[in-house]
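Encoded as structure tokens, the structure appears first; notes follow it.
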Amino acid sequence: MMGVILAAGRGSRLGDETAALPKPLMPVAGRTCIDFAIEALLAVSDEVLVVTGYRADLVEAHLAEQWRGRALTTVRNPQPEAGNLTSLGAARPLIGAASFILTNADHLFPVDMYVRHFLPADGTQVNIACERERPVLADEMKVIEAEGRLTAISKNLPRYDGAYIGTTSIPGALQASYWAAFDHVAATNNLAIASVEMVLGQLARRRDTAPQVCWLSGLDWFEVDTPEDLAAARLGLSGERTRAS
């Protein structure tokens, strides 16, 4: 199992916060955003691959120091201002035939994310992590499912069953289907805005490849997109770090 973290974007919605530091390095409770993603993935992954882009040198230097001696590698996305599909494309040659979990550097999951809440793929289906026990925000990626399978995913769905929270598990046995969907999206969409969620939408067009929707319950996590999100994460996780120390 490989963990793949998309960490190439600047995080423009954070405004001046990212003038000096890229979003993956925003400090939260004594760590950086990307440290949360790495810590959770190392519980189930043999290797973690981080796709860097904006201020890649800073991200790579942090990883080399903070995670020295761990099975962690980096690859740069030469188009970090494009859609995140290009980041996954940069990672593709290094993923090989391994099963992998795809997630984002700005999703601050607890360390037991993949051993308690969202278990890695069982080898028979692509799994996506979703929530439906809370209000869905206007800019979230919304999903519709039928009999546990994804039928639609978009930020603009007029009705929906819940929200996708940016994490997908792809078993090695289904890589051919996943990358075929990736190639279709890359060939038929503007790469400046093409996203990895579009790959899930393409897979959902067929019942035999439609991802399994895994509804998570009781997950305490934060997404950092705006200054308000960052402040909420710092406040929400400060007590956790105090107790841990």
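Any read-out appearing in this document is the output of simple, stated calculations on the displayed coordinates, not a laboratory observation. These numbers were taken from a predicted model, which means no experiment stands behind them. Quick reminder, even Gly has a Cβ in these numbers, built from the backbone with ideal geometry, and neighbours come from all protein chains shown.
Tell me, in nm to one decimal, what length is gained between residue 132 and residue 79 on full extension, where the rule is 0.36 nm per residue of separation less the Cα-Cα distance?
Additional length available on full extension: 15.7 nm.
May I ask you to evaluate 6.51 cos²θ - 1.76 cosθ + 1.60, the Karplus curve with θ = phi - 60°, for each residue of region 7-12 and list the ³J(HN,Hα) values in order in whole Hz, giving x for glycine and proline?
With coefficients 6.51, -1.76 and 1.60, one gets 9, 8, x, 7, x, 4 Hz.
At most 16 other Cβ atoms within 10 Å and a DSSP loop assignment: could you name the GluC sites (Glu not before Pro) in region 2-83 that fit?
Here the GluC sites (Glu not before Pro) that fit, given the DSSP loop and packing criteria, are 81.
If I stretch the segment between residue 208 and residue 139 completely, what's the gain in nm (0.36 nm per residue apart, minus their alpha carbon distance), one decimal?
21.9 nm
Using the Cα centre as the reference, give the magnitude of the dipole from point charges on the C-beta atoms of the chain (Lys, Arg: +1; Asp, Glu: -1; all else neutral), rounded to the nearest 20 debye.
Approximately 240 debye in magnitude.
Under a crude label model (7 Å from the Cα following the beta-carbon direction), how far is residue 44 from residue 146 in nanometres?
2.8 nm
Taking the number of other C-beta atoms within 10 Å as the exposure measure, put 45, 12, 87 in order starting with the fewest.
Fewest-to-most ranking of 45, 12, 87: 12, 45, 87.
How much FRET efficiency would the formula 1/(1 + (r/R0)^6) give for residue 58 and residue 176, where r is the Cβ-Cβ distance and R0 is 45 Å, rounded to 0.05?
E(calc), rounded to 0.05, equals 0.80.
³J(HN,Hα) across region 46-61 via Karplus (A = 6.51, B = -1.76, C = 1.60, θ = phi - 60°), whole Hz, x for Gly/Pro?
7, 7, 10, 10, 10, 8, 9, x, 4, 6, 4, 4, 5, 5, 5, 5
Could you tally the net charge around residue 216, taking each other residue with its Cβ under 11 Å from the Cβ of residue 216, Lys/Arg +1 and Asp/Glu -1?
0
Sorted from fewest to most neighbouring beta carbons within 10 Å, what does the list 160, 114 look like?
160, 114
As a check on your grasp of the helix formula, calculate [θ] at 222 nm for the chain: sum -39500 (n - 2.57) over DSSP H runs of n ≥ 4, divide by the residue count, round to the nearest 500.
Calculated from helices alone, the mean residue ellipticity at 222 nm is -9000 deg cm²/dmol.
Relative contact order, percent, of region 2-234 when contacts are C-alpha pairs under 8 Å separated by at least 6 residues?
Relative contact order of region 2-234: 24 percent.
Please order 144, 193 by the number of other Cβ within 10 Å, starting at the fewest.
So the ranking, lowest neighbour count to highest, is 193, 144.
Which percent, to the nearest 5, of DSSP beta bridges fully inside the chain are antiparallel?
50 percent
Could you work out which residue, out of 69, 30, 172, moves most in a Gaussian network model of the chain, that is, has the largest mean-square fluctuation with Cα springs under 10 Å?
Maximum among the listed residues: 69.
Based on the Cβ-Cβ distance of residue 31 and residue 97, what FRET efficiency does E = 1/(1 + (r/R0)^6) give at R0 = 22 Å, to the nearest 0.05?
Rounded to the nearest 0.05, the efficiency is 0.10.
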